[in-house]
Amino acid sequence: MPFKIDYTENGVMEWHRTADGVAVRENTDYTPTIYAMAETGGEATLDSLAKTLSHRSDVARLSRERWRPAFRREPGLVLRIDVSDIDRVQPLAGSIRRSARPGEYRLFNVDFSREFRYCLEEGLDPQPAHPLRVLHLSYPEPGSQTAPIERLEIGEKIVDGSPEAVLSALEEQLDATDPDVLVLSTAALVPVLFETANELGRPFQLGRRPGYEQLASESTYESYGQVGHSPARYTVPGRAIVDRENTFFYYETNLAGCLDLVGRSRKPLQELSWASIGNVLTAIQIREATARGVLVPWKSWRHELPKTMRQLHNADRGGFTFSPDVGVHEGVHELDFSSLYPNIICTRNISPETIRCDCHDRKDVPGLGYSICEKEGYLPTVLQPIIDERDALKARIQETEDTQQRAELEGKAAALKWILVSCFGYQGFSNAKFGRIECHEAINAYAREILLDAKETLEQAGWRVVHGIVDSLWVTARDDSSQVPLEAVTQIVTDEAGIRLEHEATYDWIAFVPRRDSQSGALTNYFGARRDGSYKYRGIECRQRSTPEFVADCQQALIETFDATRRPEAVCAELRQWIHKLEAGSVDPKRLVITKRASKKLEEYTQRSRTTAALHRQRAEGTDAAPGQSVSYVVVDDSKTGRERVRLAHEGETEYDIEFYRRQLIRAAESILSPIGWRENTIMQQLSGQEDASLHQFR
């Protein structure tokens with residue numbers, strides 16, 4: 001069970017955590033494998049390809065095997081190509097594709113990540129058998145990511161002094177703890193540490209053996225209209241690196257959650273830490289495909305099956321949402337379908353090879369008329385164990401009182417939640433290895449029907465739906481009717497849908513926020529007080545990444561005041577106290593930091609904004625934020641347009657623009673009071689002690 005895989009000039013090194021320390025196994029015979037299938041010409045075409053490849057130095061061995069090219073296909077003859085070196089896999093596959101006519105060959109198992117490929121082909125489980133030792137390394141502050149490094153947080157201790165002192169302290173900690181995992185604030189630490197040692201002319205070793213390797217350069221990407229930045233990736237021998245700048249699962253879960261997915265996906269910890277949700281889901285699917293003798297296509301392309309105009313119209317819809325009833329509602333219950341989309345997949349047997357199969361001519365999918373095969377699909381086979389395990393984890397979380405065990409269980413449950421969340425959307429992703437758009441459409445169609453049926457059942461039982469989003473409903477008792485107990489109603493809905501409808505929470509009150517430019521409700525903006533004394537916030541400023549800490553704290557205090565008084569005047573009185581703190585200059589500027597993501601290069605911006613001012617300040621310091629990276633700043637004079645408008649967060653500014661942040665506080669207050677009709681003008685009048693003197697008052 002190797003927790004780390006290193007490729008070397010002589011082969012592959014496996015690092016195993018044992019009860020006594022670390023064991024190393026070197027594999028000098030390993031060669032990665034890809035496959036080719038002839039789409040035309042059969043065995044003769046494969047013979048021709050084999051003859052061509054036999055003269056190449058990057059081909060170690062050639063043989064013929066029988067594999068299934070897809071889940072619904074019978075095994076066929078393929079050419080197995082063992083590649084001499086991991087770095088030659090992609091170039092060789094590209095050469096084969098370019099040498100043939102389009103569509104002459106299909107290539108498989110090409111674009112696997114390095115450590116995952118090795119574990120998959122060698123049949124290894126990279127989930128460690130013993131607990132891993134972890135060391136955290138961080139820059140104590142932004143803006144110091146260049147050599148020589150003079151300040152470093154090692155574990156819980158900050159070492160501040162000469163570069164020599166920093167390296168010596170780090171080496172002492174490495175020797176003392178012998179960590180298996182390095183959790184870094186940024187992977188840029190790796191080259192900086194080695195550059196620092198090089199400038200000092202002294203040896204330095206971060207891994208268990210000398211040196212480091214850059215696996216990938218930094219890059220910018222766009223996903224769902226958002227520009228993102230992927231930092232450069234590095235590796236050191238014998239230790240897994242988790243880059244907090246470039247990890248979704250470690251950030252959203254914890255080490256226990258990551259290691260649980262390691263066991264399910266066979267992606268070692270280092271690769272899993274930087275992988276996307278879809279990447280990990282694909283790895284789990286690849287494991288299932290391999291177990292069924294199915295190869296993984298390189299360039300996946302599935303044409304959309306023919307549809308009638310009515311089917312096209314009905315299929316081009318997402319999940320169902322109800323327009324929220326804007327305002328404050330008392331005694332509201334939140335109901336959620338448990339893992340709705342994954343359970344639809346499993347209970348309805350939706351899978352790329354079962355949807356619109358050739359063996360049935362039924363109209364199974366509501367509104368679309370698609371048939372679904374009765375033979376068990378591979379996608380339900382992948383997801384059902386994850387659904388069951390998450391349910392079991394949630395039950396154990398409720399039972400345990402041990403804090404550490406609870407944290408581990410919550411990390412595992414959160415990791416599985418994200419896999420289940422993504423499984424639906426990934427079916428509509430154009431680059432999904434085993435996706436199909438018809439699956440995406442069918443899941444949505446079932447979800448719409450389930451939600452509408454649930455609404456009808458609840459209303460017949462005397463309940464009113466005040467809001468609903470895809471898999472959640474908020475209901476309150478109707479004044480003109482008696483109510484069937486919710487427990488009984490949810491059981492009826494559960495039995496009808498075949499998917500559990502759970503009572504998520506009871507609210508003393510919940511407020512649905514209108515849009516700023518109209519009276520219609522914002523679908524995902526709401527807040528409320530649960531009956532257990534906690535609060536829930538969604539979509540409002542205190543939940544937004546860019547909101548300064550001071551503004552977020554103020555908004556939460558305003559909600560508490562509203563909860564205690566239900567009076568907008570009291571909320572404004574509380575707001576006035578926060579504004580007085582701001583005007584008195586007693587707010588720590590660190591609590592006023594705004595974090596924004598740059599969507600393009602500085603030269604590409606055509607308007608002067610606070611973010612561009614911050615980017616100009618960064619450039620003046622000698623650094624540039626790449627598109628997708630974030631920049632943090634404090635607004636010091638919003639009347640200016642140049643870089644003097646802001647100060648970067650690490651500059652230690654002691655002043656701030658009072659009027660700018662005052663507007664931010666008022667905007668946050670508007671989100672709280674707009675459900676009862678108080679907009680910005682009314683709030684400002686209340687703050688100034690003025691009353692509305694419009695003409696209609698004198699009629």
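The values are calculated or read from the model by the stated rules, or taken from the named source; none is laboratory data. Quantities reported herein were computed from a predicted structural model and do not represent experimental measurements. Because the Cβ atoms are built from the backbone with ideal geometry, glycine has one as well, and the counts that use them run over all protein chains shown.
Laid out as a table, the results:
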| read-out | value |
| --- | --- |
| Test result for GLY103, among the small types (Gly, Ala, Ser), touching a residue at least 60 places away in the same chain (Cβ under 8 Å) and exposed (fewer than 14 other Cβ atoms within 10 Å of the Cβ) | yes |
| Evaluation of PHE108 against (1) touching a strand residue (DSSP E or B) at 6+ places or on another chain (Cβ under 9 Å); (2) surrounded by fewer than 16 Cβ atoms within 10 Å (Cβ to Cβ); (3) not assigned by TED's automatic domain parsing to the domain that holds SER276 (one fails), failing number | (2) |
| Criterion (under 21 Å from ALA614 (Cα atoms) and in the same structural domain as LEU615 (by TED's automatic domain parsing)) met by exactly one of VAL551, VAL593 | VAL593 |
| Residue in region 73-82 that is under 27 Å from LEU132 (Cα atoms) and either in the same structural domain as VAL181 (by TED's automatic domain parsing) or not β-branched (Val, Ile, Thr) (or both) present | no |
| Qualifying residue in region 624-643 (condition: in contact (Cβ under 8 Å) with a residue 24 or more places away in the chain, among the aromatic types (Phe, Trp, Tyr) and either touching a strand residue (DSSP E or B) at 6+ places or on another chain (Cβ under 8 Å) or surrounded by 14 or more Cβ atoms within 10 Å (Cβ to Cβ) (or both)) | yes |
| Test: residue in region 238-256 that is in contact with a strand residue (DSSP E or B) (Cβ under 7 Å, 6 or more places away or on another chain), surrounded by fewer than 20 Cβ atoms within 10 Å (Cβ to Cβ) and without any contact (Cβ under 8 Å) to a residue 24 or more places away in the chain | no |
| In region 336-358, the residues that are buried (at least 23 other Cβ atoms within 10 Å of the Cβ), of a type outside the set (A, V, I, L, M, F, W, C) and closer than 20 Å to THR490 by Cβ | SER339, TYR341, PRO342, ASN343 |
| Set PHE322, PHE248, PHE337: member being within 24 Å of ALA432 (Cα to Cα) and aromatic (Phe, Trp, Tyr) | PHE248 |
| Residue that is farthest from the chain's Cα centre (by Cα) [pool: residues in region 3-12 that are within 15 Å of GLY207 (Cβ to Cβ) and surrounded by 20 or more Cβ atoms within 10 Å (Cβ to Cβ)] | ASP6 |
| Residue that is surrounded by the fewest Cβ atoms within 10 Å (Cβ to Cβ) [pool: residues in region 286-328 that are part of a loop (DSSP other than H, G, I, E, B) and among the β-branched types (Val, Ile, Thr)] | THR308 |
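Every residue, every condition in (1) touching a His at 6+ places or on another chain (Cβ under 9 Å); (2) without any contact (Cβ under 8 Å) to a residue 40 or more places away in the chain; (3) part of a strand (DSSP E or B); (4) not hydrophobic (A, V, I, L, M, F, W, C), yes or no:
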site: ARG25; (1), (2), (3), (4): yes, yes, yes, yes
site: LYS51; (1), (2), (3), (4): no, yes, no, yes
site: ARG61; (1), (2), (3), (4): no, yes, yes, yes
site: LEU77; (1), (2), (3), (4): no, no, yes, no
